[in-house]
Structure formats: C-alpha cells, structure tokens
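Comments concern the structure below.
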Amino acid sequence: MLIMKPNCECCDRDLDPSGSGARICSFECTWCVDCADHQGGTCPNCGGSLVPRPPRDAALLEAFPASAERAPASLACP
C-alpha cells in the first residue's frame, strides 16, 4: 500500500490523497506536478521516473488514511 505522503518534497505544497496532483518514483519520493515537470519527470533523489500517483478512493481513506507525516524537503530541489 502506498504511504500517500501529504506534501511535495520540493515546495511543500499540500497534496490531496484522493486527487491526481502528485507524482512519485518507485521509492515513493513525492512531488507536485509543477515540481515534477521542473525536474523533467526524473526523480532528483534516485534518478527514477516520476509517474502519476494513483488516487486513493475517498471511501478507503477512512480505513486506510494517508500519512500525516510531512515529507522533508529534498536536498536535490532547486
């Protein structure tokens, strides 16, 4: 199950776990669409591809909530 980090690792923008505004790599580094586009679709932490994070259905968020722990700012973020 994905952790569903609540924020972008670059700009700290809040990311809706039931929305489509997040991009992740295979290590679940998490970016907003704008920052992922700025990175050219490549994760600056691991070099992996940034792909759309699948949304979690709102009904499932009650039983399987998104993480409340905010992701730290990436050292690779401009």
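Of all the criteria given as (1) at pLDDT 95 or above; (2) assigned to a loop (DSSP other than H, G, I, E, B), the one not satisfied by D37 is (2).
Scanning region 29-47 for any residue that is among the acidic types (D, E) and out of contact with any Ser or Thr (no Cβ under 9 Å at 6 or more places or on another chain) turns up at least one such residue. Scanning region 40-74 for residues that are on the phi > 0 side of the Ramachandran plot and either aromatic (F, W, Y) or in contact with a Cys (Cβ under 9 Å, 6 or more places away or on another chain) (or both) gives a single hit, G47.
Table: residues versus (1) in a loop (DSSP other than H, G, I, E, B); (2) surrounded by 15 or more Cβ atoms within 10 Å (Cβ to Cβ); (3) at pLDDT 95 or above; (4) among the hydrophobic types (A, V, I, L, M, F, W, C).
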| position | (1), (2), (3), (4) |
| --- | --- |
| I3 | yes, no, no, yes |
| E9 | yes, yes, no, no |
| S20 | yes, no, no, no |
| C46 | yes, no, no, yes |
| A59 | no, no, no, yes |
| E62 | no, no, no, no |
| A66 | yes, yes, no, yes |
| A76 | yes, no, no, yes |
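How about region 21-67: which of its residues are touching a residue at least 40 places away in the same chain (Cβ under 8 Å), under 13 Å from the mean Cα position of the chain (by Cα) and closer than 11 Å to M4 by Cβ? If the condition is that a residue be touching a residue at least 40 places away in the same chain (Cβ under 8 Å), under 13 Å from the mean Cα position of the chain (by Cα) and closer than 11 Å to M4 by Cβ, then T30, R53, P54, R56, A66, S67 are the ones that fit.
Go through (1) surrounded by 15 or more Cβ atoms within 10 Å (Cβ to Cβ); (2) in contact with a Cys (Cβ under 7 Å, 6 or more places away or on another chain) one by one and return the number of the condition V33 breaks. Condition not satisfied by V33: (2).
The values are calculated or read from the model by the stated rules, or taken from the named source; none is laboratory data. Source: prediction; values computed, not measured. Glycine gets a Cβ as well: all are built from the backbone with ideal geometry, and neighbour counts include every protein chain shown.
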